[in-house]
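Note sheet for the following structure.
The values are calculated or read from the model by the stated rules, or taken from the named source; none is laboratory data. Keep in mind that what you see is a predicted model, and the values were worked out from it rather than measured. For neighbour counting, all protein chains shown are included, and Cβ atoms are generated from backbone atoms with ideal geometry for every residue, glycine included.
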Amino acid sequence: MIGIYHRGIEVALNIHSIVWEESEGCWRIADEGEREGATKGWVIGYIPWEYVEYIDFHGDEYYSHPHIVCNFAHKGEPYEAKAFCERGELNGWDYFTELATYDDVKKTSEKFDTAKHVWRSPYRAED
C-alpha cells in the first residue's frame, strides 16, 4: 500500500522502465537498450473501499505487516483501474502522478513488440 485516493487504496504492483513513443502519443515499456534514459514507471492499482472485505492490522506469524483482504469484483481483480505513474516528492512525502493507463501502455508496447514478458501471466494459457 502506498497511499489512498478518493475512492480507496493505492497499491504498488510493479516498476518498469518506460519510454515516450512520440508516434503514438503514449508511453511503452522500454527495450533493453533504452533503459538508461527511460522513466521509472510505477504500476499502481486502485482498490475501491467497497472491494475491501477487511484489514488485519496485525498480520500473521509469517508477515507482521497488515493484510488487506479484497473482493476480486472487477474482471477477476480487486482493482477498478491500473495505471503507470511517476513518483515525486513534496516536503518529504511521496506522491504519484499518472502518466498513462495500464491498458494504453500495454497496447503501445504490444504494437512495438516490447517487453512481452511483462504481459504474460504464469496462470493463463498462451493464446
note = Of ILE29, ILE44, ILE18, the only residue that is within 22 Å of GLU98 (Cα to Cα), touching a Cys at 6+ places or on another chain (Cβ under 9 Å), buried (at least 17 other Cβ atoms within 10 Å of the Cβ) and not hydroxyl-bearing (Ser, Thr, Tyr) is ILE44
inquiry  = Looking at ILE2 and the list (1) modelled with pLDDT of 95 or more; (2) under 12 Å from the mean Cα position of the chain (by Cα), which single condition is not satisfied?
reply    = (1)
inquiry  = All but one of (1) within 19 Å of ASP113 (Cα to Cα); (2) in contact (Cβ under 8 Å) with a residue 24 or more places away in the chain; (3) not basic (Lys, Arg) hold for GLU32; state the number of the condition that does not hold.
reply    = (2)
query = Mind checking which residues of region 54-78 are touching a helix residue (DSSP H, G or I) at 6+ places or on another chain (Cβ under 8 Å) and touching a residue at least 24 places away in the same chain (Cβ under 8 Å)?
reply = PRO78
note = Filtering region 35-53 down to residues that are touching a residue at least 40 places away in the same chain (Cβ under 8 Å) and part of a strand (DSSP E or B) yields THR39, LYS40, GLY41, TRP42, VAL43, ILE44, TYR46, PRO48, VAL52
request  = Return the residue satisfying two criteria in turn: it lies in region 41-66 and is touching a strand residue (DSSP E or B) at 6+ places or on another chain (Cβ under 8 Å) and of a type in the set (Phe, Trp, Tyr), and of such residues it is farthest from LYS107 (Cα to Cα).
outcome  = TYR54
ask   = Restricting the search to region 54-100, which residues are surrounded by 10 or more Cβ atoms within 10 Å (Cβ to Cβ) and part of a loop (DSSP other than H, G, I, E, B)?
value = GLY59, HIS65, PRO66, ASN71, PHE72, ALA73, PRO78, TYR79, GLU80
request  = Report yes if ALA38 is surrounded by 11 or more Cβ atoms within 10 Å (Cβ to Cβ), closer than 20 Å to THR108 by Cβ and within 21 Å of the chain's Cα centre (by Cα), otherwise no.
outcome  = yes
note = Selection from region 101-127 of residues surrounded by 11 or more Cβ atoms within 10 Å (Cβ to Cβ), over 17 Å from VAL11 (Cβ atoms) and at pLDDT 85 or above yields ASP103, ASP104, VAL105, LYS106, LYS107, THR108, SER109, GLU110, LYS111, PHE112, THR114
